[in-house]
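Chemist: Take a look at this one; I'll ask things after.
The values are calculated or read from the model by the stated rules, or taken from the named source; none is laboratory data. Given the structure is predicted, the values throughout are model-derived calculations rather than measurements. Positions of Cβ are backbone-derived with ideal geometry, glycine not excepted, and every protein chain shown enters the neighbour counts.
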Amino acid sequence: MAVYQANTLPPDVWQALRNLGPVPVESKEKPLFRAGESPAGLYLVEEGEVQLYLGQKSPRPESKPLQPLEIAGPGSVLGMSETMTGGTYKLTAETLVGARVSFIERTAFLNVLRQDHELCIHIVRMLSEDLHRLYYRCRCSVSSDSRPPKAS
């Protein structure tokens with residue numbers, strides 16, 4: 001599985017987010033967030049990797065295991081769409097060994113966007129690129145599933 005730079009931002013935008021004073025996250029024992037939870041804010045992957053999963057862990061032993069989706073590496077911003085819309089997280093995110101992640105509270109982030117129009121445009125551009133990437137990924141998946149089997 002390749003490392004994906006989820007929502008990677010230009011250096012000046014990354015620095016603008018760092019200037020918001022993100023708080024380091026201790027997440028060795030639990031996920032950063034789970035699918036279905038309300039967004040508290042967004043997460044900056046400073047070092048290491050974060051595994052993204054479809055679904056959420058259930059305390060019941062007979063529940064289905066999480067399906068790995070991709071790995072987010074340094075420079076990734078997680079939970080941006082949910083933080084912007086207020087919708088629930090669509091994925092579950094767990095830090096891998098050696099990861100260092102910081103957190104920016106939703107209200108503080110939204111307040112800065114109201115004041116910094118250039119940052120707001122960068123965020124809109126980033127979300128648009130994510131949408132196009134996901135559209136392409138779905139399109140490729142559908143087209144590869146619909147091919148007729150090769151004759152022997």
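Chemist: Among the residues of region 88-101, count how many are surrounded by fewer than 18 Cβ atoms within 10 Å (Cβ to Cβ) and either at negative phi or not in a loop (DSSP other than H, G, I, E, B) (or both).
Modeler: Going residue by residue through region 88-101, those that are surrounded by fewer than 18 Cβ atoms within 10 Å (Cβ to Cβ) are 88, 90, 96-98, 100.
With the extra rule that they be either at negative phi or not in a loop (DSSP other than H, G, I, E, B) (or both), the set shrinks to 88, 90, 96-97, 100.
Total satisfying the criteria: 5.
Residues checked against (1) at pLDDT 90 or above; (2) of a type in the set (Phe, Trp, Tyr); (3) touching a Cys at 6+ places or on another chain (Cβ under 6 Å):
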site: Pro31; (1), (2), (3): no, no, no
site: Leu44; (1), (2), (3): yes, no, no
site: Val50; (1), (2), (3): yes, no, no
site: Tyr53; (1), (2), (3): yes, yes, no
site: Arg60; (1), (2), (3): no, no, no
site: Leu66; (1), (2), (3): no, no, no
site: Tyr89; (1), (2), (3): yes, yes, no
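Chemist: Which of the residues belonging to region 68-87 are surrounded by 20 or more Cβ atoms within 10 Å (Cβ to Cβ) and either in a loop (DSSP other than H, G, I, E, B) or modelled with pLDDT under 85 (or both)?
Modeler: Of everything in region 68-87, those that are surrounded by 20 or more Cβ atoms within 10 Å (Cβ to Cβ) and either in a loop (DSSP other than H, G, I, E, B) or modelled with pLDDT under 85 (or both) turn out to be Ser76, Gly79.
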